[in-house]
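Input: a single structure, listed below in structure tokens.
Each value in this text was obtained by applying a stated rule to the coordinates, not by laboratory testing. Quick caveat: nothing in here was measured; it's all calculated off a predicted structure. Neighbour counts are summed over all protein chains in view; Cβ atoms, including those assigned to glycine, are modelled from backbone coordinates with ideal geometry.
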Amino acid sequence: MGFRSIINWKLFFILLLASIATSFMVMPYSLALSQSQVVLTPLILFASLIQTVIVFSFVIFFGLLLAKRIGMGLPILQAALDDKNQIHNLLSFFMPSVLWGIISGVLVILLSLPFSSLSAEMLVAEVYVAPWKGLLASFYGGIAEEIICRLFLVSLLAWITTKIKKTEDGLPTSLCVWISIVLAAVLFGLGHLPMTSALTPITAVVVLRAIVLNGVCAIVFGWLYWKRGLESAMVAHFSTDIVLHVITPLVASLFM
């Protein structure tokens, strides 16, 4: 297999450009939520660009490579790049993905109730973030986070499991995929702690909340990635973030 055919390079650069764009789109939200006084100078932006290019080039390359080996990936975008008509597939996957995203968002709200005081504190912080910033951040969640956590991490973990147990076709078993999805979900939850630390001290309860709330969503997104492709997980994740970072703060602001 030649270097040019080891992965779909058109897909690689599309995902890389999307990752770069959304990494900058999330900045207003991150700065507002953490109440950071950092000034985004040209030097800081350039350094951030270089870091983003390096990290996502690695993640996307190996994500696509491993996804191909375990029978996962981006079927709709892949087919579109192969000049195949995807109108029917787009319609059949888009609305269910949005629905799963909304359900995940509602689940997060319900599961946050046992952590009422902490959840209220974090919701108050989000209320004072402009809705357009939450909207831009939702693109980062839907695209960049899915590339890292599903395309790369789930694919990597699932590929590792094939070294232990695999099907006759050389693919990971269903149990192994589920283990990979759950492990990635836990890591996904822990990955939100740095942002949380800007709002409240990290305690055992804060860690548990991060794993439970983010983990539930991550399991849904992982399942969608496995069964429908990364595009479905991206749409669902974006929809969940719209519920949590745009609609919920707007509704909460009416009562504050």
Taking the chain and counting helices only, DSSP H stretches of n ≥ 4 at -39,500 (n - 2.57) each over all residues, the nearest-500 ellipticity at 222 nm comes to -22500 deg cm²/dmol
So how do 206-219, 168-181 stack up, highest first, on mean other-Cβ count within 10 Å? 206-219, 168-181
Classified through the alpha carbon gyration tensor (a ≥ b ≥ c as square roots of its eigenvalues; rounded if a/c is under 1.5, else prolate when a/b is larger than b/c, else oblate), region 167-256 comes out oblate
Listing 82, 241 from the residue with the fewest other Cβ atoms within 10 Å to the one with the most, what is the order? 82, 241
Using the count of nearby Cβ atoms within 10 Å as a rough guide to exposure, how do 29, 225, 128 rank from fewest to most? 128, 29, 225
Using only Cα atoms, locate the centre of region 177-224 and the centre of region 4-66, then give the distance between them in Å, rounded to an integer. 21 Å
Amide H to amide H under 5 Å from residue 173: which residues, 5+ apart in sequence or cross-chain, H placed 1.01 Å off N in plane? 167
Residue order, fewest to most surrounding Cβ atoms within 10 angstrom, among 195, 95, 27, 72: 95, 195, 27, 72
Restricted to pairs 8 or more residues apart or on different chains, the lysines in the chain with C-alpha atoms under 22 Å apart form a number of pairs equal to 11
For region 3-253, calculate the relative contact order in percent as a whole number, restricting contacts to Cα pairs under 8 Å that are 6 or more residues apart. 32 percent
